[in-house]
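Everything on this sheet refers to the single structure shown next.
The values are calculated or read from the model by the stated rules, or taken from the named source; none is laboratory data. Everything numeric here is computed off the predicted structure, so don't read it as measured data. Every residue, glycine as well, gets a Cβ built from its backbone with ideal geometry; the counts of neighbours run over all protein chains shown. Areas reflect the complete protein model, heavy atoms only, side chains present, ligands, DNA and RNA absent. Shrake-Rupley method; radii C 1.70, N 1.55, O 1.52, S 1.80 Å.
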Amino acid sequence: MGTISKALTMLDRLSLMDNEAGLTEIAQACSLDKATTRRFLVELEKHGFVEQLGESRKYRIGAAPVRLARIREQRYPFLRTALPFVRHLAVQLDETVHLSEFAGGRLFTVHVEDSTKAHRVFVAVGTLLPFHASASGLAFIAACPDADVEAAAAQSLEAFTPFTVTDAAIFRSRVDETRADGFSISRQGMEAGVISASAAIGAPGARPIGCITVAAPLVRTDAAWIRQSGQAVAAAAGQISTAFFGADRDRRPAPHSRRR
């Protein structure tokens with residue numbers, strides 16, 4: 001791994017930490033020695049990508065990534081385009097709805113609309129969404145070429161709960177189900193007690209841009225809820241795709257069912 005990759009990996013690991021982190025914690029998270037970690041942090045701080053807090057001497061994400069994110073959103077307004085549809089779906093279903101985007105080989109949450117109910121599902125912005133364990137990940141990978149599905153199935157499928165799909169054959173069957181239905185369902189795959197439905201937001205080319213997902217406590221869901229929510233997220237995904245890409249979205253190739 002080159003110097004730039006190591007520095008960017010460090011920035012990414014820091015972004016995933018719940019709180020500010022010290023030098024030792026960051027070094028351990030990145031599997032680097034303290035001297036190398038300090039050198040990278042000094043350079044990242046110089047360019048505004050990290051900040052060191054005066055009293056604790058711990059580090060957090062700086063303002064530079066925010067500036068870049070705002071520039072990107074201005075030129076490529078995915079979030080601004082999708083927000084009305086995300087908010088409408090949250091009002092329609094009164095459950096937590098979140099929007100994800102694919103970048104750098106990973107799918108992650110970029111916006112969350114919380115349910116108004118006291119008992120609701122909490123999703124953090126920046127949450128990574130595994131293809132095999134989350135409704136978002138399953139919806140996304142099902143809309144990708146078969147080669148992507150096979151690459152995902154070949155990875156070590158981590159168990160997040162006792163209900164997470166960790167068998168590659170079952171994972172492939174879930175992909176087939178998602179393709180047939182037009183939306184995915186995750187039954188406690190990422191978090192126990194949570195049911196989610198998701199649909200991929202199509203884009204020109206082979207892969208979608210992201211997903212829109214609704215998540216609810218298990219106790220409030222049944223077969224009718226799953227069907228209604230799946231159809232609702234699929235409709236919202238189509239609306240976002242049309243609003244963002246216009247007629248271009250119709251030129252993207254549809255994924256084919258895998259032949260066995």
**Prompt:** Taking +1 at the Cβ of each Lys and Arg and -1 at the Cβ of each Asp and Glu, which of Ile201, Leu218, Ala133 sits farthest along the dipole of the chain towards its positive end, judged by Cα position relative to the Cα centre?
**Reply:** Ile201
**Asked** In the neighborhood of Ala21, defined by Cβ-to-Cβ distances under 11 Å, what is the net charge if each Lys or Arg adds +1 and each Asp or Glu adds -1?
**Response** +1
**Complete:** For the chain, the per residue accessible area (1.4 Å probe, Å²) is 53 Å²
**Request:** Rounded to the nearest 10 degrees, what's the angle between the helix 64-75 long axis and the longest principal axis of the chain, both from Cα atoms, 0 to 90?
**Result:** 40 degrees
**Request:** Indicate the gyration tensor shape class of the range 143-229 (rounded, prolate or oblate), computed on the Cα atoms with a ≥ b ≥ c the square roots of the eigenvalues: a/c under 1.5 is rounded; otherwise a/b larger than b/c is prolate and the rest oblate.
**Result:** oblate
**Message:** Over the Cα atoms of the range 1-143, what radius of gyration and what Dmax do you get, in Å?
**Reply:** 17.6, 53
**Message:** Ignoring ligands, DNA and RNA, please state the percent of accessible area on the chain from carbon and sulfur, probe 1.4 Å.
**Reply:** 53 percent
**Asked** At q = 0.18 Å⁻¹, what is the log10 ratio I(q)/I(0) for the range 53-129, with the Debye formula run over Cα points and no solvent?
**Response** -0.87
**Item:** Positive-end residue, the range 97-169 charge dipole about Cα centroid, Cβ charges, pick of Gly104, His119, Pro162
**Value:** His119
**Request:** Calculate the radius of gyration of the Cα atoms of the chain to one decimal place, then report Dmax, the largest Cα-Cα distance, as a whole number, both in Å.
**Result:** 19.5, 60
**Prompt:** P(r) tail for the range 56-100, what percent of Cα pairs lie past 12 Å?
**Reply:** 69 percent
**Request:** State, as an integer percentage, the relative contact order of the range 99-194 based on alpha-carbon contacts under 8 Å between residues 6 or more apart.
**Result:** 23 percent
